[in-house]
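The structure appears below as structure tokens.
The values are calculated or read from the model by the stated rules, or taken from the named source; none is laboratory data. Computed from a predicted model, the values in this text were never measured in an experiment. Glycine also receives a Cβ, built like all others from the backbone with ideal geometry; neighbour counts cover every protein chain displayed. Surface areas here come from the heavy atoms of the whole protein model, side chains and all, with no ligands, DNA or RNA. Shrake-Rupley method; radii C 1.70, N 1.55, O 1.52, S 1.80 Å.
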Amino acid sequence: VRMANSLRSEVIKLYKNLLYLGREYPRGADYFRSRLKAAFLKNKDEKDPEKIKQLIARGEFVIKELEALYFLRKYRAMKQRYYSD
């Protein structure tokens, strides 16, 4: 039970982080939120701690990908502002 509770808080933290990052998503926050909710609901009945850890790792990978996407977009905007092609 203790393990499940610690994983539960990790999953909730992951969801909140992804929800926060989704505000800047290129297709819009609503699109991102609905996809995020569907992904989490699809795995809501998972009980195996190892499988849950794999899913959390996948979610953290998605966070890194989103951050890279945002940094790249920011970099391109800055480059466009200061350099003419």
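Here are a few things to note about the model shown:
- Among residues of segment 27-61, those that are open to solvent by 100 Å² or more (accessible area, probe 1.4 Å) and either in contact (Cβ under 8 Å) with a residue 60 or more places away in the chain or touching a helix residue (DSSP H, G or I) at 6+ places or on another chain (Cβ under 7 Å) (or both), counted: 1
- Segment 62-85 residues that are open to solvent by 100 Å² or more (accessible area, probe 1.4 Å), paired with ones that are in a helix (DSSP H, G or I) and of a type in the set (G, A, S) (beta carbon under 9 Å, 6 or more apart): none
- A count restricted to segment 47-67 and to residues that are of a type in the set (K, R) and over 16 Å from K13 (Cβ atoms) stands at 2.
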